[in-house]
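Participant: Input: one structure, supplied below.
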Amino acid sequence: MGDGVQSFITLGAFRSIRIFLLGEVRKQGAYTVSALSTTINALLSCGGIKETGSLRKIQLKRAGKVVATLDLYDLLLNGDTSADQSLQPGDVIFVPSVDKQVTISGAVRRPAKYEILGGETLSEVIDLAAGPSDRSVLDFIRLERLNEKFQPEVKNLNFAGDSDFEIRKGDLLSLSFSSADIKNVVTLLGPVEKVGDYQWKNGLSLGDLIRGPNDLSPSADLNYGLIRRKSASGEIRCLAFVPSDLFSNSEKKEVSLQLHDVVFFFNRGYRIDALNSLLSELRGQSKAGENTKLVRVSGSVHFPGEYPLTEDMKLPDLIRAAGGLKDSAYLLDAEITRIGLSKDQKAFVEHVRLNKSQLSENNLSMPFFLRPYDSLAIKPIPLWKEGETVEILGEVNFPGTYSMKAGETLFEVIERAGGVTDRAFPSGAVFSRENLRLKEEEQRDRLIAQLESDLANVTLSATDSEEVSQSQAAAGAMLVRLRNTQPQGRLVIDLSKILDDGEKSELRIKAGDKLMIPEIPYAVSVSGEVQFPTSHLYESKLGLTDYLERSGGFTPNADEDRTFVVKANGAVMAKGGNAWFGKGIRAHSIEAGDNIVVPIDVKQTRFLENLSYSTQIIYQLAVAAAAVNSF
C-alpha cells in the first residue's frame, strides 16, 4: 500500500436473519439464525424431521416460490451436501409429508423402510439398503405387492434378470439368506485328530480321510465305528465298520462314502452318550408295522445298552459294538429275547438259546442275523467272583487283604493269614460287614429325621418355655452326636470259640468283610453320666460298682438302673436285664477291654422321655465306634 499508509481492521458480530420452518418438523415456527446458515443447519435447530416427514422433498421457498429442493438421502447415504443452499432473510423451509415408501428386509446390509421418488428399479432400491449381504440369495427375491383389488400378491424376482424391474409404492421386498447346511460334505465325529466337515466327491472312501492310526486319537476304539446315512426319502440307516481295517496291511477294506454321511468314531470307554442323538433319530422315524431298528445287549460285555441295528447285523457285530466280551463271559450258552407279531396283530415274546458256534465270528456257514428289538443276554461264568476280598488286620502273622472264594469260612482265612499271634486278644476282635454298615446308616438317618420332627412338634405344642429350652438343648446335642457317629457295621462274634472249633466253624465270609484282632488290653473304660469319664487299669478283683466309684460316681442326670456294659467283642449286657440288652451283669463280670456306659435319665421331661429309644441307639453306635478306635 506504500510508505506512510496505516491500516485499521475491525471484525464485527455475525449478522442474524429470521427464517421460518414449517411442515413435518418437530418444532414449527420462526427462528433467528446466522446469516451463514444453510437449510441443513436450520433443520437441526428445530429438532429434526418427524417420522411422517419426507426426507427427499424438502422445499426452500423464497418470495412464495420454490427455489431449491433438498434430498437428504444424498447426505445420509452418500455424504453429498452440494444441494444444501444458504439462507436469506424471510426464507421458508417446508417439509412435506412422506408419500411413497418401500420396505426391504432379509439379507441386505441395512434392512429398513425407505422413501422413493418414483420410478426406482430393483437394483436402485437394494442400493438404498447398502446392497445385499455376503450370503444373500440373489436369484430368489420375494416381492409382495397389492394388486388392483388391493389384495397382496407375491412375485419372485431374479436380481440378474430383473435388476431394472420398477418398484412401486407399498412394495415389500425380502432377500433370503443362503442355507447354513453345506451341501457337498461328509462329517467325521468322535476321537479323530481333525473333527468336522470334509469335501465329498464321487468315489470318496473313508480310507481317503483316515489314512492311518495317527489320524485317530490314542483313545479311539479300533474295533467299532458307525456311519449314519440318510436316503433321498429322508430315512436314516446305519452301517458299521471296523476302523482298524482301514489301514490294515493284510485285510485293508474300503468303506465308500456318500453325500452327507456322518461317520462316528468312539472312545475305548462308555459310548452310549455318543449314540443318544442317533438312537433318538431312529426312534423318531418308527412307524406302524415296522419296528425301530434298535437292538440291545446286556450281561458280561464291556458296554451294555442299546445300539443301532445295522444292515445284515449278526451276533458278533453286536458283541463288537458293545466293546467285546468280558473275561467273565460264559461262551457255551447265551440267549436272545425276540419280539414277534402274529397274524392277528398280537405281540409275543420268544427266547432263543445260542451255542458257542453261533457266538463265534468265524461262523460263516450258519450266521445268526439280528432283528429289530432283539435283546442279547451274555451270561457270566457260574460262580465267577472278580476281585472279591476280605481284610484281616491286627494280631495275625500276615495281616493284609486276601482274595476269597465262595463258601470260605473266617477260620480258613485266618489260617491263610498265618493264624493269630501270642499277643492277640480274640475276645476283643471287631468283625464288620458292609451290608450291616448300610443298614446302620439307614437306621441312623431315620432317627435323625424322627428327632428333627419330634423337636419341631414339641416346640409348637409346648406351654412351658423352660421345658422347651431344655428339650431343645438335649435333642440338639443328640442330633449332633447322631450326625457325627459313623456306622461301623459291626457283627458280634465269639472269635475265641471260632478258633477253638477250627474246621467246625460255620461263619462264612462275604466280600468286603473286615476283621481286626487287637492286642491284649489292660484297661476298662467308663463313659456317659459319671463325674470323670475315663479308663482304668484292669484288675480282676474289681467289679462294676468299683469302676463306677473310681470315676467319681453318677451325675445327677444319670439313669443308674439302665447302666450297661459293652463287652470287648461288641456284646452288650445290661445291669437289670431286659429284652433290648440281653442278660444282666454279674457282680464280677467286668473284663479287660470292656466299656461301662451310664446313659442319661430321659424321664426328666415329657419330650426327652419320648427319645428313650433314640438315646439307646446313639450310645450303641457311639460305643461300637469307640471300641473299634480304641484298639
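The values are calculated or read from the model by the stated rules, or taken from the named source; none is laboratory data. Nothing here was measured: the structure is a model prediction, and the numbers come from that model. Please note: Cβ atoms are built from the backbone with ideal geometry, for glycine as well, and neighbour counts cover all protein chains shown. To get the accessible areas, we keep the full protein, side chains included, count just its heavy atoms, and leave off ligands, DNA and RNA. Shrake-Rupley method; radii C 1.70, N 1.55, O 1.52, S 1.80 Å.
Participant: Translational diffusion coefficient of the stretch 115-156 at 4 °C, 1.567 mPa s, Stokes-Einstein with Kirkwood Rh over Cα pairs, in µm²/s as a whole number. Mind showing how you got there, number by number?
Facilitator: Values: Rh = 12.1 Å.
Result for D is 107 µm²/s.
Participant: When ranked by the protection proxy of mean other Cβ atoms within 10 Å per residue, highest first, what sequence do the peptides 563-573, 197-207, 388-398 form?
Facilitator: Numbers: 563-573: 21.3, 197-207: 13.8, 388-398: 17.0.
Descending mean neighbour count gives 563-573, 388-398, 197-207.
Participant: For the peptides 503-512, 68-77, what is the packing order when you average, over each peptide's residues, the other Cβ atoms within 10 Å and list the highest mean first? Mind dumping the intermediate values first?
Facilitator: Values: 503-512: 14.3, 68-77: 16.2.
Result, highest mean Cβ count within 10 Å first: 68-77, 503-512.
Participant: Let me ask something else. Across all directions of projection, what mean area in square nanometres is found for the Cα convex hull of the chain? Kindly include the intermediate steps, with their values, before the conclusion.
Facilitator: On the way: hull surface 283.3 nm².
Its Cα hull, projected and averaged over all orientations, spans 70.8 nm².
Participant: Quick check: with the 1.4 Å probe, what order do His260, His351 take by accessible area, largest first?
Facilitator: Details: His260 85, His351 120 Å².
Putting His260, His351 in descending order of accessible area: His351, His260.
Participant: Let me ask something else about it. What does the C-alpha gyration tensor say about the overall shape of the stretch 104-204? Classify as rounded when a/c is under 1.5, otherwise prolate if a/b is larger than b/c, or oblate.
Facilitator: Numbers: a/c = 3.17, a/b = 2.72, b/c = 1.17.
It comes out prolate by the Cα gyration axes.
Participant: Calculate I(q)/I(0) for the stretch 1-94 by the Debye formula, one identical point scatterer on each C-alpha and no solvent, and give its log10 at q = 0.11, 0.16, 0.18 Å⁻¹ to two decimals.
Facilitator: Scattering profile of the stretch 1-94, log10 relative to I(0): -0.38, -0.65, -0.79.
Participant: May I ask you to derive the FRET efficiency for Phe348 and Glu441 from their Cβ-Cβ distance with R0 = 56 Å, giving the value to the nearest 0.05? Walk me through the intermediate numbers first.
Facilitator: On the way: r = 45 Å, r/R0 = 0.80.
E(calc), rounded to 0.05, equals 0.80.
Participant: Right, next: Give the angle, between 0 and 90 degrees and rounded to the nearest 10, that separates the Cα long axis of helix 434-461 from the longest principal axis of the Cα atoms of the chain.
Facilitator: 70
Participant: Which FRET efficiency, nearest 0.05, do Ser163 and Lys201 yield, Cβ-Cβ r, R0 25 Å?
Facilitator: Working: r = 35 Å, r/R0 = 1.39.
Efficiency for this residue pair is about 0.10.
Participant: Any idea which of Ala571, Ala83, Val67 is furthest toward the positive side of the dipole for the chain, if Lys and Arg beta-carbons carry +1 and Asp and Glu beta-carbons -1?
Facilitator: The listed residue farthest towards the positive side: Val67.
Participant: Then there is this: Have a look at Ala592, Gly190, Ser453 and report the one farthest towards the positive end of the charge dipole of the chain, computed about the Cα centre with Cβ charges (Lys/Arg +1, Asp/Glu -1).
Facilitator: So the residue furthest toward the plus end is Gly190.
Participant: Round to a whole angstrom and tell me the spacing of the C-alpha centers of the stretch 9-88 and the stretch 94-137.
Facilitator: For the stretch 9-88 versus the stretch 94-137, the Cα centre distance is 25 Å.
Participant: Let me check something: with ligands and nucleic acids excluded, how do Asp374, Asp317 order by accessible area (1.4 Å probe), largest to smallest? Let's see the in-between values first.
Facilitator: Values: Asp374 0, Asp317 35 Å².
The most accessible residue leads, giving Asp317, Asp374.
Participant: A follow-up question, please. Between Asp127 and Asn291, what is the label-to-label distance in nm when each label sits 7 Å out along the Cα-to-Cβ direction?
Facilitator: 6.8
Participant: Can you give me the solvent accessible area of Asp134 with a 1.4 Å probe, rounded to the nearest 10 Å²?
Facilitator: Result for Asp134: roughly 130 Å² accessible.
Participant: Which residue, chosen from Gly400, Pro213, Leu507, occupies the Cα position most advanced towards the positive end of the dipole of the chain, where the dipole is computed from +1 (Lys, Arg) and -1 (Asp, Glu) charges on Cβ about the Cα centre?
Facilitator: Positive-end residue among those listed: Pro213.
Participant: With a ≥ b ≥ c taken as the square roots of the eigenvalues of the C-alpha gyration tensor of the stretch 210-250, please select rounded if a/c is under 1.5 and otherwise prolate if a/b is larger than b/c or oblate if it is not? Please report the intermediate quantities before stating the final value.
Facilitator: On the way: a/c = 2.84, a/b = 2.37, b/c = 1.20.
Note, shape of the stretch 210-250 comes out prolate.
Participant: Ignoring everything except DSSP H segments at least 4 long, calculate the 222 nm mean residue ellipticity for the chain; use -39,500 (n - 2.57) per segment, divide by total residues, nearest 500.
Facilitator: Working: 15 runs with 144 residues, N = 631.
When only DSSP H runs of four or more count, the value is -6500 deg cm²/dmol.
Participant: Nearest 20 debye, what's the magnitude of the dipole of the chain about its Cα centre given +1 on Lys and Arg Cβ and -1 on Asp and Glu Cβ?
Facilitator: 1780
Participant: Okay, next question. On a full-extension model of 0.36 nm per residue, what is the gain between Asn214 and Glu311, subtracting their alpha-carbon distance, rounded to one decimal in nm? Could the numbers behind the result be given before it?
Facilitator: Details: separation 97, 0.36 × 97 = 34.92 nm, distance 2.89 nm.
Here the segment from Asn214 to Glu311 would lengthen by 32.0 nm.
Participant: Now for a separate question. Can you list the GluC sites (Glu not before Pro) in the stretch 520-567 that are in a DSSP coil and have 15 or fewer other beta carbons within 10 angstrom? All intermediate terms of the calculation are to be shown ahead of the outcome.
Facilitator: Values: sites: Glu529, Glu539, Glu549, Glu560; in loops: Glu529, Glu539.
Those satisfying the criteria are Glu539.
Participant: Dividing the alpha-carbon radius of gyration of the stretch 198-344 by 2.2 N^0.38 Å (N being the number of residues), what value is obtained? Numbers along the way, then the final one.
Facilitator: On the way: Rg = 16.6 Å, N = 147, 2.2 N^0.38 = 14.7 Å.
Relative to the rule-of-thumb radius for its length, the stretch 198-344 sits at 1.13.
Participant: Ok, one more. Between Ser328 and Ser178, what length comes free when the chain is fully extended (0.36 nm per residue of separation minus the Cα-Cα distance, one decimal in nm)? Write down the numbers at each step before the final one.
Facilitator: On the way: separation 150, 0.36 × 150 = 54.00 nm, distance 5.57 nm.
Going from the current span to full extension adds 48.4 nm.
Participant: Using the basic label-point model (7 angstrom from Cα toward the beta carbon), what is the Glu560 to Ile339 distance in nanometres?
Facilitator: Distance between the two pseudo-spin positions: 7.4 nm.
Participant: Which FRET efficiency value, to the nearest 0.05, is calculated for Ser589 and Ala511 with the Förster distance at 35 angstrom and r the Cβ-Cβ distance?
Facilitator: Between Ser589 and Ala511 the formula returns 0.45.
Participant: Ranking request for peptides 292-298, 33-39: highest mean number of other beta-carbon atoms within 10 Å first, then the rest in descending order. Before the final figure, lay out each step's value.
Facilitator: Details: 292-298: 19.0, 33-39: 16.6.
Result, highest mean first: 292-298, 33-39.
Participant: Over the chain, with the other protein chains present, what is the accessible area per residue in square angstrom, probe 1.4 angstrom?
Facilitator: Here the per-residue accessible area is 56 Å².
Participant: Tell me, what is the 1.4 Å probe accessible area of Arg135, in Å² to the nearest 10?
Facilitator: So the heavy atoms of Arg135 present about 150 Å² to solvent.
Participant: Let me ask something else. Compute the distance in nm between two label points, each set 7 Å from the Cα along the Cα-to-Cβ direction, one at Ser7 and one at Asp74.
Facilitator: Distance between the two pseudo-spin positions: 3.7 nm.
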